[in-house]
Amino acid sequence: MRSGRRLGDLLGHRLGPRFGWLWGAYGTSALGTWLAFGAFPLIAIRVLHAGPAEVAALSSVGAAVGAAAAVPLGPWVEFRRKRPVLIAMDLVRFTALLTIPAAFALGVLTFLQLLLVSVVVAAADITFRAASGAYLKTLLPAEDLLVANARFESTAWTTTIIGPPLGGAAIGLLGPVATVVVDAVSYLLSALGIRATGGHEPRPGRRKAARMRAGDLLDGWRYILADTTLRPLFFNTALFNGLVMAAEPLLAVLMLGRLGFAPWQYGLAFAAPSIGGLLGSRLARPLANRFGQHQVLVTVGALRAIWPVGLAFAGPGTGGLLLVMGVEFGLIFCCGVFNPVYTTCRLERTASDRVARTLSAWAVTTKATTALLTAVWGLLGVLLGPRTAIGLAGVLLLATPLLLPRRAVEPLSEPEPTPSPT
C-alpha cells in the first residue's frame, strides 16, 4: 500500500493506493511489451527461416483475427466484475507467450504457433483495454480521470523510450526467445499488481436475456454511432491511427534500404522523439484546465495531422535523420497531449454500463482498420514506391481534423461512483 501512495505523491496529485497498484501494473506490462518489441518477427526470420509474406502475416493477419476474436468478449465483459477479467487476461497472455520458449526448448516451435499466439495476445489486449477503462471509471471520480490518463500516457512513452534499446541489447545477448520470456513474466507481475488493488467492486447489473444474442455483438458500435460526440472521435482516431501505422513499414523500407541508414539510426529516429510524448502527456492536464478539453482536442488534433507528410521528404545522411526525428518529435508530442484528453472525454461521454462494450468496439475497429490500411499501403508501396505512398498517407491525414467534434464534449449526467474501501 505504501508503494501505491508514493507513486501518487510523485506528481503531486494523490489518486490513492489502489490506483497506484493499477498504475504500477500497467507500467510493468508496458515495459515488458517494449522489451520484446520485434521479437516475433526475429524469431520467425532467425529461428523458423520465414519469408517476407509470413513475417507480414504476423502483424497484419494476427492483429485482424485477434480483433475479430475479441468482438464477442466486449458484451461478455460488460456484465462481469472488471478486476477478475483484467487478471484473467494478463494470465492468458502470460500462458500464451510462455508456450513459445517451451516449444523452442523442445524443438517443436512452428510458424503456426507464433501466429496463434499473436491472435490470442491481440484478443486479450483488446479485452484488457475494454475492462481497464470500465474499471478505472469505477475506481476514480470524474475529476481525476484526466490525471490518471495523463499518467498512463506518460508511462507509455517512458517505456517506449527505454524499452526498445534495452530489448535490442537483450536480443543481441540472449536471443529473441529470451525477451518473450521477459514479456510473459511482465504480464504475471501485472496480474499480481491488479490483484493487490483490493477493495470491493460492485457487481454489474444482470442481463435481461439469459444468453447473448447475435445482435448484442454490435451494441458497442450502436452506442458510438448514435452519440454526436463519440461518433466523430471514433472515425478520427481510427483513420488517424491506421494511416500513421500503415506508413511505418514503408518508412522502414525507405530508411533502411534506399537511404542507407543503419538499424541503430533507424531505432534512434523513433526512440529519441518519444521524449515528446512524455512532455506532451505532462502538459495535457494544465492545457485542458486552462483552455478546456474541447479546445485542446480540436487544436492539438489538427496540429498532429500536419507532421506525417514531412516524412516523404526524408533524405540520406545526418540531415535526413534529423528531419525524421523532428517530424516524429512533433507528431509524438501532439499525440502525448491529445491522447489523455481524448481518452478522458470518451470515458466521460460513455455511460458506466456501456464502457466495456464501447471500448471493445473502439479497439476492434482501430486494430482492424490499421491491419487493412497497412495491407493497402504495402501494395501502394510496391506500385508507387515507398516515398510516394508515405506522402499520400500524409496528405490524407491532413483531412482527419474535419472529423473532430465541432461542439464541446459534455459529460453524461450519472451518479458518481462510490469509492470502494481500501
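Listed by position, the helices (runs of 4 or more DSSP H) contained in segment 39-93 that have at least 2 residues being under 30 Å from L139 (Cα atoms) are 52-70, 73-78.
If only residues of segment 312-326 that are open to solvent by less than 10 Å² (accessible area, probe 1.4 Å) and in contact with a helix residue (DSSP H, G or I) (Cβ under 6 Å, 6 or more places away or on another chain) are counted, the one that is nearest to D144 (Cα to Cα) is V324. Inside segment 242-257, can you point out the residues that are under 16 Å from V327 (Cα atoms) and either surrounded by fewer than 22 Cβ atoms within 10 Å (Cβ to Cβ) or β-branched (V, I, T) (or both)? V244, M245, E248, A252, listed by residue number.
Mind telling me which of the residues L412, L402, L372 ends up being out of contact with any Pro (no Cβ under 8 Å at 6 or more places or on another chain), open to solvent by 10 Å² or more (accessible area, probe 1.4 Å) and either of a type in the set (D, E, K, R) or at pLDDT 90 or above (or both)? Answer to the selection: L402.
Pairing each residue of segment 383-401 that is under 9 Å from A312 (Cα atoms) with any residue that is basic (K, R), provided the two are 6+ apart or on different chains, yields C-beta distances under 9 Å for P386/R258; R387/R258.
Scanning segment 24-38 for residues that are among the aliphatic types (A, V, I, L, M), open to solvent by 10 Å² or more (accessible area, probe 1.4 Å) and assigned to a helix (DSSP H, G or I) yields a total of 3. Restricting A196, A214, A169, A209 to those that are farther than 22 Å from R282 by Cβ, at pLDDT 85 or above and over 23 Å from the mean Cα position of the chain (by Cα) reduces the list to A196.
Residues in segment 217-233 that are open to solvent by 10 Å² or more (accessible area, probe 1.4 Å) and not aliphatic (A, V, I, L, M): D219, W221, R222, Y223, D227, T228, T229, R231, P232. One residue stands out in segment 46-67 among those that are at pLDDT 80 or above and of a type in the set (A, V, I, L, M): the one that is surrounded by the most Cβ atoms within 10 Å (Cβ to Cβ), namely V65. Scanning segment 258-271 for residues that are in a helix (DSSP H, G or I) and in contact (Cβ under 8 Å) with a residue 24 or more places away in the chain, we see that the one that is surrounded by the fewest Cβ atoms within 10 Å (Cβ to Cβ) is R258. Determine, yes or no, whether V119 is within 25 Å of A25 (Cα to Cα) and open to solvent by 20 Å² or more (accessible area, probe 1.4 Å). Against the criterion (within 25 Å of A25 (Cα to Cα) and open to solvent by 20 Å² or more (accessible area, probe 1.4 Å)), V119 qualifies. Remark: E143 falls outside the filter, which requires a residue to be over 14 Å from A63 (Cβ atoms), acidic (D, E) and either modelled with pLDDT of 90 or more or touching a helix residue (DSSP H, G or I) at 6+ places or on another chain (Cβ under 6 Å) (or both). Restricting attention to segment 77-86 and to residues that are buried (at least 20 other Cβ atoms within 10 Å of the Cβ) and not basic (K, R), the residue that is nearest to the chain's Cα centre (by Cα) turns out to be L86. Exactly one residue out of L15, L22 is in contact with a helix residue (DSSP H, G or I) (Cβ under 6 Å, 6 or more places away or on another chain), modelled with pLDDT of 75 or more and within 22 Å of Y135 (Cβ to Cβ): that is L15.
The values are calculated or read from the model by the stated rules, or taken from the named source; none is laboratory data. Treat the numbers as computed from the prediction; the structure is a model and nothing was measured. Quick reminder, even Gly has a Cβ in these numbers, built from the backbone with ideal geometry, and neighbours come from all protein chains shown. Ligands, DNA and RNA are stripped out before the accessible areas are found, and what is left, the full protein with its side chains, is counted by its heavy atoms. Shrake-Rupley method; radii C 1.70, N 1.55, O 1.52, S 1.80 Å.
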